[in-house]
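To keep things clear, I will list the structure first and then write my remarks on it.
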Amino acid sequence: MDGLFKMKVHVSLGERSYDINIEAGLMEQLATMKEFKKYKKVIALTDSNIYRIYQKQIEAAPFLKVIQIPPGEETKSFAFLQQVWDHMVAIKLDRKSLLVLIGGGVIGDLGGFAAATYMRGIDFVQIPTTLLSQVDSSVGGKTSINHPQGKNLLGAFYQPKAVYIDPNVLKTLPVNEFKSGLGEVVKYAVIRDESFFEYLRESASDILALKSDDLIKIIAKCCTIKADVVGIDERENGLRAILNYGHSAAHGLENVCQYKGVFHGQAVAFGMDVEMFIATRRGLVLEKDFARQRAVLATLKLVFSVPSFAMDKYLSAISMDKKNTDDCLSFVLPKKIGEVVLLDNINYEEIAESTKNTLRCPIFN
Ligand code: ADP
Ligand code: ZN
């Protein structure tokens with residue numbers, strides 16, 4: 001059965017609380033969205049790929065203007081932020097206006113920061129269109145642009161008024177972008193929910209076939225886990241760090257590859273394999289669980305070939321990312337499927353050995 005139900009996830013942050021609405025076909029309803037009617041001026045920001053595919057739906061909505069920028073991470077820059085601000089000024093948006101963001105993580109990060117800064121903050125709504133942004137970056141209020149010296153170096157915590165997620169838009173998403181989102185989905189299961197992990201294993205073929213009921217379930221589950229964590233620790237002073245499972249090694253890899261040729265979710269899959277193996281070597285987690293994680297990555301077809309890289313550069317990228325004492329780094333490591341701990345005594349030798357182990361695995365070749 002397909003397309004029978006919708007789900008709502010509440011993000012509980014006091015007066016900044018909001019709902020994430022997940023429903024197949026929402027993109028077809030832009031013209032009649034009640035949320036937009038509350039505002040005098042509503043404008044949208046999207047990228048030219050999405051505009052090309054969804055022009056009819058976007059043009060049917062009551063947007064005063066649709067700002068289009070080119071697709072790609074390069075637009076998360078000061079120059080494009082300025083362009084967005086310039087449009088907002090030209091249209092004379094005021095504090096009672098709404099900015100609607102239709103796109104992946106790039107549009108969400110850049111547009112969220114534009115909303116956070118324009119007149120000290122105006123309302124915005126997210127319509128995330130990649131699996132990665134639906135399960136991850138659209139939840140939690142992190143907005144940012146990149147600086148030449150570092151990704152996401154400039155930004156603000158700023159929550160949207162609502163999020164609308166249409167799983168149907170994933171049908172037009174390139175398959176590698178979709179699988180990239182799945183890397184993050186597996187992460188949520190491993191850090192927080194063993195039965196969700198089993199569901200992913202059992203439903204892999206339906207998920208890969210983009211069955212909308214399964215997509216709604218996994219998106220809602222990931223949003224719920226993220227909303228729970230962010231509800232407890234909005235500004236990453238503690239618990240929110242568990243969302244970084246797999247990300248230390250992932251950032252090392254992305255850094256040595258200069259963010260080219262590896263999708264974020266693929267890097268996270270690689271990172272989870274490395275990090276779970278560190279835990280296995282320490283006897284923190286059973287080898288059986290390490291094998292289960294690998295099996296799920298393979299079943300979800302999260303296989304790719306890792307470009308060759310210099311181990312010393314990779315280790316130093318990880319150490320820069322982790323800012324800890326000289327000889328040890330802090331990592332989020334699994335104790336079992338569904339539970340992680342934060343350890344701050346991980347050394348370079350064990351990261352290197354675990355990374356070599358991952359590089360020998362057929363999934364990453
Ligand atoms: P991420 O969420 O991974 O950060 P981006 O914002 O970089 O994603 O988008 C990845 C690419 O996918 C971009 O080229 C973007 O234009 C394209 N894209 C985003 N959503 C869709 C969609 N639903 N259908 C087709 N292409 C899309
Ligand atoms: Zn991530």
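The values are calculated or read from the model by the stated rules, or taken from the named source; none is laboratory data. In this text the structure is predicted, and so the values were computed from the model without any measurement. With ligands, DNA and RNA removed, areas are computed over all heavy atoms of the protein, side chains included. Shrake-Rupley method; radii C 1.70, N 1.55, O 1.52, S 1.80 Å.
Computed over the Cα atoms of the chain, what is the ratio Rg over Rh, Rh following Kirkwood?
0.96
How large is the accessible surface of residue 91 in square angstrom, using a 1.4 angstrom probe and rounding to the nearest 10?
Residue 91 exposes around 40 Å² with every protein chain in place.
Percent of Cα-Cα pairs more than 17 Å apart in the stretch 7-65, please.
The share of Cα pairs beyond 17 Å in the stretch 7-65 comes to 52 percent.
What does the accessible area of residue 151 come to, in Å² to the nearest 10, when a probe of 1.4 Å is used?
90 Å²
Relative to the present Cα-Cα distance, how much length would full extension add between residue 152 and residue 305 at 0.36 nm per residue of separation?
Contour length minus Cα-Cα distance gives 52.4 nm.
Across the Cα atoms of the stretch 208-262, what radius of gyration and what greatest pairwise Cα-Cα distance (Dmax) are found, in Å?
Values for the stretch 208-262 (Cα only, Rg and Dmax): 15.0, 38 Å.
With n ≥ 4 as the cut-off for DSSP H runs, can you work out [θ] at 222 nm for the chain, using -39500 (n - 2.57) per run divided by the number of residues, rounded to the nearest 500?
The per-residue figure over the chain is -14000 deg cm²/dmol.
Obtain the radius of gyration and the Kirkwood radius of the stretch 188-343 from its C-alpha atoms and give Rg over Rh.
0.96
Quick query: amide H of residue 152 versus all other amide H atoms, modeled in the peptide plane; which residues come in under 5 Å with a sequence gap of 5 or more or a different chain?
146, 147
Please give the Cα centre distance for the stretch 76-116 versus the stretch 337-351, rounded to the nearest Å.
38 Å
Gain in length, residue 10 to residue 79, computed as 0.36 nm per residue apart minus the alpha-carbon separation, to one decimal in nm?
Stretched fully, the residue 10-residue 79 segment lengthens by 21.4 nm.
What lysines could a cross-link reach from residue 356, if we take a straight Cα to Cα line under 26 Å and drop same-chain neighbours fewer than 8 places away?
Candidates past the 8-residue exclusion: 179, 187, 260, 288, 301, 313, 322, 323, 335, 336.
How far, in nm, would the chain grow between residue 94 and residue 359 when pulled straight, counting 0.36 nm per residue and subtracting the alpha carbon separation?
Gain on extension, residue 94 to residue 359, equals 90.1 nm.
Mind checking the angle between helix 287-299 and the chain's longest principal axis? C-alpha axes, 0 to 90 degrees, to the nearest 10.
With both axes taken from Cα atoms, the answer is about 40 degrees.
I need the shape label for the stretch 37-141. Rule: rounded when a/c is under 1.5, else prolate if a/b > b/c, else oblate, with a, b, c from the alpha carbon gyration tensor.
Because its axes are fairly even, with a/c under 1.5, the stretch 37-141 counts as rounded.
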